[in-house]
Every structure is written in C-alpha cells, then in structure tokens.
Amino acid sequence: MKRLLLTISLIVMMGFLPVKAQTVSYSHKPLTNEACSINFSVAKKDSSYFIVVTAHSDKLIFINEPTMKIRTFKGDVLTFDGLLIGNDKESFGAIMGDIILPIDSKLSTAQFKVTPEQFEQIKTGILKIRLSMAPINHEHTFKKDKIGEKLYDLYLKIKKQDDDF
C-alpha cells in the first residue's frame, strides 16, 4: 500500500515540475485540494503587453473574466483585468499491476494586459498574488520575490526583440 501511495505521489508531482521555456513558475500546496502549478509568461500583441498565466491543477480553472491582483514588496496594489484564453482537461492513467488509476488534471490559461509602468512596479518584487478562479480564488504569499523581477526580465526581452527588428 505504501508503494502504491508513493507511486501515485510521484505521478502527481510530475505535473508540478517547472517549465524551462520563457516562463516563470511556482507550485502551490502540492498534494492538497488547492494544489496547482502556475506559469507566467510575457507576450506582446500590437503595442500592448500581456502577462499570460497558465494554471495546471486538478480543480482550479479561470473564470470567464478573470482578474489578477498583485501586492508588491513596496506596498503597491495592482489590479489587472484579464481575458480567458481556454480551459482544457487532461486525462491519463497509471497502471499498477492489474489496476488502472485514472488521473485527471485541468489546464487553464488567461491573459492580463499590463502597461510598461506596471512592469516597473512589478520589478520591485511580488509579495502576494490573487487570481480569480473557480471553484475558489488562488492566492499565494511569497516570503521573498520569486516572480516579479523575472517577469520584468521577460518584459525587457520582449521589448528588446521588438526594438531590434
């Protein structure tokens, strides 16, 4: 029985490994009801910049008109209105002897419009983030900055690509 639980735990944790592309990510409460992995990336469309957020969870999905609230380490509170890009469901199974264990997870993506001035505020560090999701809001508090400066660096890379064209 312990071996079965260990194997299931390892399979579940594989969904929470960070992506090494042009993203910033963190895991929130692994192996609990509110467990999720959140990935952030920066994109530009026309002259607007966006933070694209992808949540990989077994329960949480973005609502139709999501919002993202960020509190910086300087105490600034920023609110971003978003647009739902999509909600997908992944199903797979693990074979344990003669038993197939079904594992379902959800992948939800939204984008939030961000101004260059807001990126300047974000670079000071993100203390707390809240994403409006269903069935409950996702909220995470950081002891030290894990994503603010990295998001700013991604913004600078996107901006430089546009300037170097």
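The values are calculated or read from the model by the stated rules, or taken from the named source; none is laboratory data. This structure is a prediction, so every number in the text was calculated from the model and none was measured. No Cβ is skipped: glycine too gets one built from the backbone with ideal geometry, and neighbour counts run over all protein chains shown. Quick note on the areas: whole protein, heavy atoms, side chains included, nothing else; ligands and nucleic acids left out. Shrake-Rupley method; radii C 1.70, N 1.55, O 1.52, S 1.80 Å.
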Are there any pairs with C-beta distances below 7 angstrom linking a residue in the stretch 56-68 that is among the small types (G, A, S) to a residue that is open to solvent by 60 Å² or more (accessible area, probe 1.4 Å), with the two at least 6 apart or on different chains, and if so which? S57/K106
Please work out if I70 is among the aliphatic types (A, V, I, L, M), modelled with pLDDT of 95 or more and part of a strand (DSSP E or B). yes
With the checklist (1) open to solvent by 20 Å² or more (accessible area, probe 1.4 Å); (2) closer than 21 Å to K159 by Cβ; (3) touching a strand residue (DSSP E or B) at 6+ places or on another chain (Cβ under 9 Å); (4) not aliphatic (A, V, I, L, M) in hand, flag the one item E117 doesn't pass. (3)
Condition first: in contact (Cβ under 8 Å) with a residue 40 or more places away in the chain, open to solvent by less than 70 Å² (accessible area, probe 1.4 Å) and over 18 Å from the mean Cα position of the chain (by Cα). Can you find one or more residues in the stretch 143-161 that meet it? yes
Scan the stretch 33-50 residue by residue and report those that are closer than 17 Å to H140 by Cα and either open to solvent by less than 40 Å² (accessible area, probe 1.4 Å) or at pLDDT 90 or above (or both). A35, C36, S37, I38, N39, F40
Go through the stretch 79-128 and give me each residue that's closer than 27 Å to N64 by Cα, free of Cβ contacts under 8 Å to residues at least 24 places away in the same chain and part of a strand (DSSP E or B). T79, G86, D88, K89, E90, S91, F92
Looking at the stretch 131-138, is at least one residue without any contact (Cβ under 8 Å) to a residue 12 or more places away in the chain, surrounded by 13 or more Cβ atoms within 10 Å (Cβ to Cβ) and at negative phi? yes
